[in-house]
Amino acid sequence: MMEQRRDFDGENGTSRRTRAKGIPQSEPGVDRIRALPDSILIRILSLLPARDAARTLVIPSFGRLWTSIYDLDFDWCVYHDCSCNSSWHCCSYDEGALSRFAELVRRVLALHQGGRIRKFRLRFEFSIDRQLDELMPLELEPEELEIMIRNGGLAGEVNRWIEFVASRNVEVLDLDFLACGLSSVGYKYELPSFVLQSSFLTELKLVSCKVNLSADIVMRALKVLCLKEIALNDDSIKNFIDGCPVLESLTVLDCYGLCELNCGSQELRSVTVAPGILEESRVKVACPNIKSLSISGWIERLELESLSSLRDASIDFCDCFLCVPDEYREVQKILEELHHVRVLTMHHHPILVLTVWELMNLPCPSNSWQRLILRTMLTKWHLPGIANVLRSSPSLEVLVIHIIPGEVPSIDAQEAWLQLYKICEGNYWDLQDRSFGCLANCLRIVRVSGDIMKDHVIQLVQFLLREALVLQKLVVSTGPNDSSISVKESKEFSDKLLSFPRGSPQAVVVFSNA
């Protein structure tokens, strides 16, 4: 049992070390950090990864305060370069790295003195291969091998870590057993059932682990639940919702076995759903009381209905598509189900689908969106899609465009099918007619940010300034830390935008680095 030792007074924000300092705050040359109350220093340390917090032991101003931090963050990926992941990921390069990571967690928890742990985050790849290698010489029967893996070794130790933080009334539990590893349908870490009966948890995130679907679920304080790469069924997701009476936000990503997400809870406000590649059946989402919905992944497998209270939505999908129009009728159905929301966020891939519709004279479903947020690259292949959605949004009042760097569609398959369509070179917007109802009557605010120094951006801004007859403000933002734009380039860019004619006499152009 990990022993608890207290030298910190949480109520008064002081410790014996602070009271023994005897250093007047106003004394010249005083160490200002050392003069801060322990409660502030512990708050600072709690913002660091656990390993870095422990290293502050050698700093006199902090001493052993790290043993009282209440946010414990153990992220395997901090200790290596995940960018080199491929079919052979970098975690396998150093066989001793996982052992050192486990030793870090073990020591930090053993030395922890605080009576409270607010947040515990554990992120590493729970790989069965290494454990099998260690147990194979024992020549166990398959049933014995499974018991040994589930209750002993690394799994058993993880159980003890979770039990320890649960005994400290942990409120936020984030358990990611995939990290930067590769998805697998094989053996996964099995979550202890007591986690699903915590009366203190307010947020729970589970990634790539086995959940006992027959266990009782009673988490009366839980407000945020995120499940990723978890085997589910319709009854289990219903049990989660019924067992969490104050649940406000539900995220289900790349899970499998789920056919229906049907929830009439008055408390549930936000749902995020992304069907995964392993999900073969269609998933119906029917949540009449939610206010916010985000869908992504293989959205052609989604069916939306009973979303009468929905106010904002976000749509994206995976990049493994050829965008044959007949195959993407589902996109049209989804947009029709979202026609009534006030705020819609659309990402890179849906805009390319709209490009195909525009080039084939197929309109985007008519809608009543008042605020449209586009998070996309801005190439010639995106311009017809943007025109299509603007033309079909007569009630649009606010347009927000965040431009992601990039010059070509993200995969070869997209580039191949896009080449089937001809898009004229030059200024695309000069060829557009005046059939944009929102520009004549409603659009009042435009915000453009991100990779703004492109000709396509300048041409789009020029078009909006000229055609938006009731425009009040156009805000162009470069970002607070963008050093890629020189002062000279910035001035030339702003001068060009300010020189464009404006269709609205009230329109102002604002430049911001926010």
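Output the residue which, of all residues in region 359-380 that are surrounded by 21 or more Cβ atoms within 10 Å (Cβ to Cβ) and not aliphatic (A, V, I, L, M), is nearest to residue 468 (Cα to Cα).
My answer is 369.
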Which members of region 88-122 meet the condition of being in contact with a Phe, Trp or Tyr (Cβ under 6 Å, 6 or more places away or on another chain) and at pLDDT 85 or above?
105, 109, 116, 117, 118, 122
So which residues in region 211-228 are surrounded by 15 or more Cβ atoms within 10 Å (Cβ to Cβ) and in contact with a helix residue (DSSP H, G or I) (Cβ under 9 Å, 6 or more places away or on another chain)?
211, 213, 215, 217, 218, 219, 222, 225, 227
Within region 405-446, take every residue that is of a type in the set (Lys, Arg) and at pLDDT below 80 and give me the one that is farthest from residue 374 (Cα to Cα).
422
Restricting attention to region 150-161, does a residue exist that is part of a loop (DSSP other than H, G, I, E, B), of a type outside the set (Ser, Thr, Tyr) and in contact (Cβ under 8 Å) with a residue 12 or more places away in the chain?
no
Would you pick out the residues in region 372-386 that are under 17 Å from residue 316 (Cβ atoms) and basic (Lys, Arg)?
375
Run residue 297 past the list (1) in contact with a Pro (Cβ under 6 Å, 6 or more places away or on another chain); (2) closer than 21 Å to residue 440 by Cβ; (3) open to solvent by less than 20 Å² (accessible area, probe 1.4 Å) and report the number of the one that doesn't hold.
(2)
May I ask you to list the residues in region 220-252 that are part of a helix (DSSP H, G or I) and not polar (S, T, N, Q)?
234, 235, 237, 238, 240, 241, 242, 243
Residues within region 340-358 that are open to solvent by less than 10 Å² (accessible area, probe 1.4 Å) and in contact (Cβ under 8 Å) with a residue 60 or more places away in the chain, tallied:
3
Of a type in the set (Ser, Thr, Tyr) and either touching a strand residue (DSSP E or B) at 6+ places or on another chain (Cβ under 6 Å) or open to solvent by 50 Å² or more (accessible area, probe 1.4 Å) (or both): which single residue out of 512, 504 fits that description?
512
Does region 453-467 include one or more residues that are surrounded by 13 or more Cβ atoms within 10 Å (Cβ to Cβ), outside any helix (DSSP H, G or I) and among the β-branched types (Val, Ile, Thr)?
no
Within region 291-400, considering only helices (runs of 4 or more DSSP H) that don't extend past its boundaries, which have at least 1 residues that are in contact with a Gly (Cβ under 7 Å, 6 or more places away or on another chain)?
348-359
Selection count where residues are buried (at least 18 other Cβ atoms within 10 Å of the Cβ), in contact with a Lys or Arg (Cβ under 8 Å, 6 or more places away or on another chain) and part of a strand (DSSP E or B), scope region 254-290:
2
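The values are calculated or read from the model by the stated rules, or taken from the named source; none is laboratory data. Note that the coordinates shown come from a computational prediction; the quantities given were computed from them, not determined experimentally. Note that each Cβ is placed from the backbone with ideal geometry, even for glycine, and that neighbours are counted across all protein chains shown. Quick note on the areas: whole protein, heavy atoms, side chains included, nothing else; ligands and nucleic acids left out. Shrake-Rupley method; radii C 1.70, N 1.55, O 1.52, S 1.80 Å.
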